[in-house]
Amino acid sequence: MNTQKNKYKKESEVINQLGLKVADNVDSLLAYWDKDQICRFANYAFFKKFGKTREELIGKYNLRELLGEEAYKEAHKYVQGVLKGNTQEFENSIVFKENERRQLLVTYIPDKEGEEVKGFFVKVSDITEIKQAHERETKCAILKGKNQEMDSFAKIISHDIREPMLNIKQYLMLLVNECRPHLDVEAVSYVTGMFRALERMDTLTQGLLNYSILSQTKILEQVDSNEVIKRVLKKLDLTIQETKAVIKLENLPVLNAFLFELGILFENLIANAIKFRRGSVIPEITIAATPLHKGWQFEVKDNGIGIDENQREKIFNLFQRLHSRKEYEGTGIGLGYCKKIVELHNGSIWVESVPGEWSTFYFTVFTV
């Protein structure tokens, strides 16, 4: 009889060790809590995520102490539910030992013996990446909708607005050519002013057209940002020579991006950094990048006139100008381009500045 008991005891120990080994090799967090909410079992993934050892956790920690007040407040009603014998499933957000907030899918399964609930099993799956992917998909769907709206808007601009505007220019040219001998200085001044206004309108409508078609034929590809900026600098060569601008490139990566759009982004930021310089001060521009998780953060720093704090969000809106045309030429669309291009790369753009000293434009790029 004792031999049989010893055999069963050894088999039970082997099964328990095997069960523990299996549990320790599962990615999900597994645990068991008794009806007093004291931990009686947890697998390796559970210990690792919470930064505890078996000796520290088993039989000593209750659920409130482990989760903290914020997360336990959310979980409490589900604990009450499972202790009444009902399986519970819910999402919870917890900050772990790495000070990283994670989104979790939590399942509580009651351990019942007859009608009595002795405790409950816990299974926790990290769904942070899944939630983030869903948010990106939602964001992409919103952007797609906006792009479709812009397509319709572009058609209106190109036909219903731009075409009659060009007709007005043609009639003005006919008026000038046929009636010039009869026009006095004041009349010529009026006509010249109308031409300039029409030219500005044409520039603005063309800018809106370009804005609306950004990324319509986009192709995500491996892009060397050093080469992109070199091509941009060639386009801006005359301006760079005239202003003697100094441009430094630091730690720029090869990344997945939309080549054409990335070029427009850098062109606008560099051109603005040169345009908004301080008097006779030679523009100095530094372009650098820092790696992020699944992305990059770029910065374009200048020594220009700077931007007041209350204007730093407004400048990314279309047609938002901080200066008169007499001070600085432009349409007020350029930084709107930049914002749209950054959003196409699942990133964000912002600026930090000290008025009269410098500005640094930051933007992030996240692509698969």
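The values are calculated or read from the model by the stated rules, or taken from the named source; none is laboratory data. Every value quoted in this text rests on a predicted model; they were computed, and no experiment measured them. Here the Cβ positions follow ideal geometry from the backbone for every residue, glycine too, while neighbour counts run over all protein chains shown.
Residues that are in contact with a helix residue (DSSP H, G or I) (Cβ under 7 Å, 6 or more places away or on another chain), at pLDDT below 90 and not in a loop (DSSP other than H, G, I, E, B) do not occur anywhere in the range 244-254.
Go through the range 241-275 and give me each residue that's in contact (Cβ under 8 Å) with a residue 60 or more places away in the chain and of a type outside the set (A, V, I, L, M). Across the range 241-275, the qualifying residues are Asn256, Phe258, Glu261, Asn268, Asn272.
Do you know which residues across the range 269-284 are among the hydrophobic types (A, V, I, L, M, F, W, C) and out of contact with any Lys or Arg (no Cβ under 7 Å at 6 or more places or on another chain)? Residues satisfying the conditions are Leu269, Ile270, Ala271, Ala273, Ile274, Phe276, Val281. Consider the range 46-75 and keep the residues that are outside any helix (DSSP H, G or I) and hydroxyl-bearing (Ser, Thr, Tyr). The one that is surrounded by the fewest Cβ atoms within 10 Å (Cβ to Cβ) is Thr53.
Let me confirm something: among Leu265, Leu335, Leu322, which residue is modelled with pLDDT under 90 and assigned to a helix (DSSP H, G or I)?
Leu335
Per the conditions (1) farther than 20 Å from Lys112 by Cα; (2) without any contact (Cβ under 8 Å) to a residue 40 or more places away in the chain, the sole criterion not satisfied by Gly85 is (1). Under the condition of being modelled with pLDDT under 80 and part of a helix (DSSP H, G or I), the residues counted in the range 23-45 number 2. Against the definition (touching a strand residue (DSSP E or B) at 6+ places or on another chain (Cβ under 9 Å), assigned to a loop (DSSP other than H, G, I, E, B) and more than 14 Å from Gly306 (Cα to Cα)), how does Ile287 come out, yes or no? Taking the combined requirement at face value, the residue does not satisfy it. For the range 95-132, what are the residues that are within 40 Å of the chain's Cα centre (by Cα) and under 14 Å from Ala31 (Cβ atoms)? Scanning the range 95-132 gives Leu104, Val106, Thr107, Tyr108, Ile109, Phe120, Phe121, Val122, Lys123, Val124, Ser125.
Quick grid of which residues meet (1) polar (S, T, N, Q); (2) within 24 Å of Phe366 (Cα to Cα); (3) within 19 Å of the chain's Cα centre (by Cα):
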| site | (1), (2), (3) |
| --- | --- |
| Lys234 | no, no, no |
| Asp237 | no, no, no |
| Val246 | no, no, no |
| Leu249 | no, yes, no |
| Leu255 | no, yes, yes |
| Leu269 | no, yes, yes |
| Ala273 | no, no, no |
| Trp296 | no, yes, yes |
